[in-house]
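Some notes on the structure that comes next.
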Amino acid sequence: MRAFRALAVTAAACAAVALSAPFASANPPQGGGGGPSNISVNPYSVHQGSTMQVSASGCGHGGTVTSHGNFPPANLSAGSIGFATVRIFNHASPGHHTLSVKCNDSSLVATHRFTILEGRPSQGGIGGSLGPSAAETAIGAGLVGAAALGAGVHVMRRRRPVSGRV
């Protein structure tokens, strides 16, 4: 019975490998100089001054990602899927824009759209850079004094009289 199970599992594995061979030959791996494809950006909508991840297939030897006036040219990593991280300029104009991907081993250029959103400046201020004012100091001292007075009253009420011991 065990031999039959092992034989069945082996036959199924061989069939799976044999059936996948035609699919592999019909879809050759990318990166052979065919140019960039399957470009994606993450996130699609990005704020001014933020970073965006760009990925593309087909650039086996790396490439370049550009978008004039929106971010400096970035290098696409080598491999079956190349990646690049770009930082959007603070002064880039909000709206829909296009980026271009060009592989190092091909003259073909592919494009992809993305959106730049208006930046959200930080809500800066003096925050904790200044010490407490005179009013805040007086209130704090009053609260500490009231707590000390309350603790003293509590201790005095809990004490037993010495003369009452037997």
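The numbers here are math on the coordinates, done by the rules we state, and not lab data. None of the values given here were measured: they were computed from a predicted structure.
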**Report entry** Cα-based Rg of region 42-126 normalised by 2.2 N^0.38 Å, two decimals
**Finding:** 1.18
Report summary line: The set of residues whose placed amide H lies less than 5 Å from the amide H of PHE71, leaving out same-chain residues fewer than 5 positions away, is PHE89
**Report entry** Potential lengthening between THR115 and ARG157 on full extension [0.36 nm per residue; Cα-Cα distance subtracted]
**Finding:** 8.0 nm
Query raised in the report: What full-extension length gain, to one decimal in nm, is calculated for SER50 and ASN104 as 0.36 nm per residue of separation minus the Cα-Cα distance?
Result: 16.8 nm
